[in-house]
Amino acid sequence: MNKTRFLKEILAFLALSMTAINVWSWEAPACKEPAFKNEKPPKSSVVAPGSEFSFTASPNTMPGSIKAWIEGIEVDLDVKEHYGYRVTGNLPAELTDTYAVIKIWAHSRPKSCNTEKRWLIKISK
């Protein structure tokens, strides 16, 4: 076998190997979790029972998946599209003179992954 042909075959083999490695190492992009911001009332606030709370969810959030719980009580939410989603709800009126954790949760799109956020407030008359 002559040296030129041998070198060409080696180079062809290496080129194909590198292409195969690149194909096998390709992965689909990771999902981007929903983001929450502008939480009101802010953490550590003192608020009245039944007060409104709100937050903004990022545009990649599936609006129907947005949920909120205050001390384990699921809260009805109003979700409106506004630079993402503006979400409002009311604290449970039965929670008085206590600390409460607001927990919010949602799925993202197009690839579904989820995120959760919590913050602590004080509910007082």
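If I filter the range 68-82 for residues that are part of a strand (DSSP E or B) and under 13 Å from P34 (Cα atoms), do I get at least one hit?
Within the range 68-82, the subset part of a strand (DSSP E or B) is 68-70, 73-74, 78-81.
Still in the running and under 13 Å from P34 (Cα atoms): none.
No, the range 68-82 contains no residue that is part of a strand (DSSP E or B) and under 13 Å from P34 (Cα atoms).
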Reported set for the range 100-124 where residues are in contact with a Phe, Trp or Tyr (Cβ under 9 Å, 6 or more places away or on another chain), farther than 14 Å from T56 by Cα and surrounded by fewer than 20 Cβ atoms within 10 Å (Cβ to Cβ) is V101, N114, L120, K122
So which residues in the range 85-115 are more than 15 Å from E52 (Cβ to Cβ), at pLDDT 95 or above and within 19 Å of the chain's Cα centre (by Cα), if there are any at all?
Y85, V101, K103, W105, A106
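Output the number of residues of the range 35-60 satisfying the condition of being over 16 Å from the mean Cα position of the chain (by Cα), among the aliphatic types (A, V, I, L, M) and either on the phi > 0 side of the Ramachandran plot or in a loop (DSSP other than H, G, I, E, B) (or both).
Within the range 35-60, the subset over 16 Å from the mean Cα position of the chain (by Cα) is 40-54.
Among the residues that remain, those that are also among the aliphatic types (A, V, I, L, M) are: 46-48.
Of the ones still in play, those that are also either on the phi > 0 side of the Ramachandran plot or in a loop (DSSP other than H, G, I, E, B) (or both) are 48.
Here the count works out to 1.
Quick check on this structure: which one of E74, E94, E81 is without any contact (Cβ under 8 Å) to a residue 12 or more places away in the chain and out of contact with any His (no Cβ under 9 Å at 6 or more places or on another chain)?
On the way: E94 fails: without any contact (Cβ under 8 Å) to a residue 12 or more places away in the chain; E81 fails: without any contact (Cβ under 8 Å) to a residue 12 or more places away in the chain.
Of E74, E94, E81, the one residue that is without any contact (Cβ under 8 Å) to a residue 12 or more places away in the chain and out of contact with any His (no Cβ under 9 Å at 6 or more places or on another chain) is E74.
Does P29 satisfy being at pLDDT below 95 and surrounded by fewer than 16 Cβ atoms within 10 Å (Cβ to Cβ)? Lay out the reasoning, then the answer.
On the way: at pLDDT below 95: yes; surrounded by fewer than 16 Cβ atoms within 10 Å (Cβ to Cβ): yes.
Spelling it out, P29 is indeed at pLDDT below 95 and surrounded by fewer than 16 Cβ atoms within 10 Å (Cβ to Cβ).
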For the list (1) within 27 Å of C31 (Cα to Cα); (2) at pLDDT 95 or above; (3) exposed (fewer than 13 other Cβ atoms within 10 Å of the Cβ), I need the number of the one condition that A68 fails.
(3)
Just wondering, is there one or more residues in the range 52-60 that are modelled with pLDDT under 95, surrounded by fewer than 16 Cβ atoms within 10 Å (Cβ to Cβ) and farther than 17 Å from T115 by Cα?
no
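The values are calculated or read from the model by the stated rules, or taken from the named source; none is laboratory data. Quick caveat: nothing in here was measured; it's all calculated off a predicted structure. All Cβ positions, glycine included, derive from the backbone under ideal geometry; neighbour counts span all protein chains shown.
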